[in-house]
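Structure, as structure tokens:
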Amino acid sequence: MVFTLRGPPAFEILSSVSNSWKFIGFFVLQLGIAIIAAVFNIVVIGVLINGRKKLMKNHFYIIASNLIVCTSLKAIAEIGFNIPFSIFSDYLPWGHFPMEYEMFIFYTSIFADYGVLFISMALAVNRFWSMARSDGARKFPVWISILSCVISCQCSITVAFLFFLCQCQYNFSIAAKMYFHRCFIDTELIQIMMGCLIYLPHACALVVLFLYHVVISSTRRLRQYKMEKSKVEMNLLKQSLTAFIMYTVSIIALFVLSFIDAGEQFFDIIYIENLLNLSIAAVYPVCLLAMPGEIRSIITKRTNSKSRVGSLSMNNKKVT
């Protein structure tokens, strides 16, 4: 969920007192993570499209491409809500966004949050299958990978629809000058259902971590593969596991922060929650690009080929 604290307008920050420097620090950090999330998601999408003939031979990237769609939607929801509100909140009608925009951002965020969760589970199952079977993931039927993505997206849509049935949305508090998540249909059954949906990511995270534990324990089976294939599969395992651990740390931190009696540190808690939410959008694309793997190798090869072409053209000019 996204909880946003209202800060001073951008051009009045320097003249504000008390928390002005703290606000500047948090806002700059938030903006930096937002830029990283946006740029890395765009770059990964570009590589997946341009290198699809090579990448899609490994069904890991069929699932990963759907995951990047969800992280991109998460980035859109976070960047399109928190940053504009932090800058322009004093100049928005009634001090907040129109209801239609609030609902769009809310349900986009819900779909993206649970989409990242469910597709991460599909990735873990893919890694489990590729390490547990001697024929590997490349011979794994493509329709199963596609079906896992469809089921994951359908589950995310179902969760968002449940929130819609409960009339859940962002509700702006004029007194507190911030947004809260609120469900207007609030019965005992609804409270139980919302509690289950809130705790669902943590239960799923435990299942995924257990799958990765089994995968790591069975990595000796990779000795049956050719060395090149073993290296590719291990790189994919390291990428997906590292990203999921970082994702799990973020959702656990958000869960713990929700129980803290903030008091005077309320501003800090809210902004840390915003930063953690935004980091979820950046974790997977950063790992896919920064860690060794096929996506990184495609970028490296294209960069090297362009530099070679440039050096050859310069040499030809010198000769002529």
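The values are calculated or read from the model by the stated rules, or taken from the named source; none is laboratory data. Computed from a prediction, not measured in an experiment: that's the story for all the values here. With ideal geometry, Cβ positions are generated from the backbone for all residues, glycine too; neighbour counts draw on all protein chains shown.
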Item checked: Candidate set from the stretch 27-76 (those that are among the aromatic types (Phe, Trp, Tyr) and buried (at least 21 other Cβ atoms within 10 Å of the Cβ)); member that is nearest to Ile270 (Cα to Cα) -> Phe40
Check: Filter the stretch 95-153 for residues that are part of a helix (DSSP H, G or I), closer than 26 Å to Ser217 by Cα and among the aromatic types (Phe, Trp, Tyr); which is modelled with the highest pLDDT?
Finding: Phe118
Check: Does the stretch 240-258 contain at least one residue that is more than 16 Å from Leu117 (Cα to Cα) and modelled with pLDDT under 80?
Finding: yes
Note to self: Can you go through Ile280, Ile299 and tell me which one is more than 20 Å from the chain's Cα centre (by Cα), closer than 19 Å to Ala37 by Cβ and either among the charged types (D, E, K, R) or at pLDDT 75 or above (or both)?
What the structure shows: Ile299
